[in-house]
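All of the numbers you see were taken from the coordinates with simple rules; none came from a lab. Please read these numbers as outputs of a predicted model, since none were measured by experiment. Every residue, glycine among them, receives a Cβ derived from its backbone with ideal geometry; neighbour counts consider all protein chains shown.
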Amino acid sequence: MAILMPKSELKLHTRNEHQIKNEICREPIYYGLLLQSEAHQKEYPSAKHRPVKPSRIYNCHGLTFASRRTFIWLSEEITKILDDDGYEKVDRQYVLAGDIVVYYATTGDAEHSGVVVEVDQFGPKILSKWGQSHEVVHREGDCPYNVPDVRFYRITT
């Protein structure tokens with residue numbers, strides 16, 4: 001039986017075989033994460049809060065690009081994934097389920113990401129993970145990430 005270290009890195013590569021820096025943190029959650037999760041549920045009652053516990057193993061980018069297996073924290077790694085894996089920007093009006101969304105801060109850093117799970121007359125619904133908290137299905141602006149630049153992408157190849 002393998003002994004897992006409290007922290008490690010997943011061998012995660014783009015389609016062009018560039019390594020993506022990441023971290024798997026197997027340390028247990030702490031009480032503050034539970035409180036943060038509860039606060040999110042109260043502050044965003046119209047979002048669908050999935051019944052999963054907070055996790056330090058993966059973040060929003062790990063959910064979006066690495067199947068919930070790791071924590072990708074560097075913005076340049078998101079850029080590398082988008083470039084190497086063949087993502088193309090999609091205008092909001094043409095977004096479909098399966099596309100991804102990336103929220104960019106004023107610095108240009110990719111601050112948050114998620115997967116579009118549904119599009120209705122009000123726009124896209126997004127599955128994402130809020131930091132180390134829990135997973136949520138929410139509208140584009142109904143989340144704690146108040147950033148000026150939200151972009152949608154589709155993998156084309």
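Listing for the model above:
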| item | result |
| --- | --- |
| Close pairs (7 angstrom Cβ cut-off, 6 or more residues apart or separate chains): within 19 Å of Tyr87 (Cβ to Cβ) in the stretch 128-154, in a loop (DSSP other than H, G, I, E, B) and aliphatic (A, V, I, L, M) anywhere | Val147/Ala105; Phe152/Val95 |
| Odd one out for Glu88, checked against (1) in contact (Cβ under 8 Å) with a residue 24 or more places away in the chain; (2) assigned to a loop (DSSP other than H, G, I, E, B); (3) surrounded by fewer than 21 Cβ atoms within 10 Å (Cβ to Cβ) | (2) |
| Residue check for Trp73: in contact with a helix residue (DSSP H, G or I) (Cβ under 8 Å, 6 or more places away or on another chain), of a type outside the set (Val, Ile, Thr) and closer than 21 Å to Lys11 by Cα | yes |
| Close pairs (7 angstrom Cβ cut-off, 6 or more residues apart or separate chains): touching a residue at least 24 places away in the same chain (Cβ under 8 Å) in the stretch 18-42, part of a helix (DSSP H, G or I) and of a type in the set (Val, Ile, Thr) anywhere | Ile20/Ile81 |
| Count of the stretch 38-56 residues which are surrounded by fewer than 18 Cβ atoms within 10 Å (Cβ to Cβ) and more than 17 Å from Val116 (Cβ to Cβ) | 11 |
